[in-house]
Amino acid sequence: MNYRPNARAPRIRAECHSGHLVYPQQSEPAHPFHSAILQGVEEYCESTGFFVMFAKYDYSPNTDPADLKLPGVLRSHGIADCLILAGTNYDNFVDTVEKLGMPHVVLSNHHVTSKKVPPFDRAGWDDATGPYDATRFLITLGHRSIWYIGDTSLPWYKARYDSYSRAMKEAGLEPLGQIVVCRTITTPTAMHVLK
C-alpha cells in the first residue's frame, strides 16, 4: 500500500521545517560550482526557517522506477518536508518522486528527458543567451575560427551549442564544434567532429 513510516511523528510539532537537497549522478559534489549552489540553498533556506539536509544519490537512467533503491530520505516519510532535485536527473527518478507525492523542485537545466515537461515544480536558468552573446562578442573582435566543445547529447550543452551555432551562421561563419562524450569511467571517451 506504499506505506512509509513517519520518522519525525513523535516530535513533529516541535520541529522546524526541513528540506532535503538530493544530488544525483554527481561524483564530485565538492566542485566549487556545486559548493556555491549548496551554500546558496542553505543560506536562503535558513533565512526562511528551513533546515537543509544533503544526500548524494547514484542510479542508472535505465533502471525501472520500481527497482530504484531510493535514498533513506524518501524511504521514510517525514524526514523532509520537501526536496530539491539538483545534479543530473532522469525520468525514472523524477517520476518516482512525483508518484510519492512529496513536494519537490527539479533543477530543470539538468533534467535529461525527451518528454514535454510542464513548466511548474522546476527552476533553471537561461542556457541560450550567454553562449550566443559570447560568440557574438568574439566575432566583433575579429575572430573567425571559433569552436564549441561539449557533449550535445545532454540538453544543457545542446542548448548552448544551438545558440553558438546561430550566432556563427548569422555572421556568415561555419559553426565548428567537437562533441566530447564520456558516460562512465569504464566507457572510453569518444570524440566526434560536428559538420
Using beta carbons and a limit of 8 Å, which pairs, at least six apart or on different chains, have the first residue in the range 137-157 and not assigned by TED's automatic domain parsing to the domain that holds ASN109 and the second one part of a helix (DSSP H, G or I) and among the aromatic types (Phe, Trp, Tyr)?
ILE146/TYR164; TYR148/TYR161; TYR148/TYR164; GLY150/TYR157; GLY150/TYR161; ASP151/TYR157; THR152/TYR161
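Given the criteria buried (at least 17 other Cβ atoms within 10 Å of the Cβ) and at pLDDT below 95, does THR152 qualify? Before you say what the answer is, go through the steps one by one.
Values: buried (at least 17 other Cβ atoms within 10 Å of the Cβ): yes; at pLDDT below 95: yes.
Answer is yes for this residue.
The values are calculated or read from the model by the stated rules, or taken from the named source; none is laboratory data. Worth saying up front: this structure is predicted, and the values here are computed from it rather than measured. Heads up, the Cβs are rebuilt from the backbone with ideal geometry, glycines too, and the neighbour counts pull from every protein chain shown.
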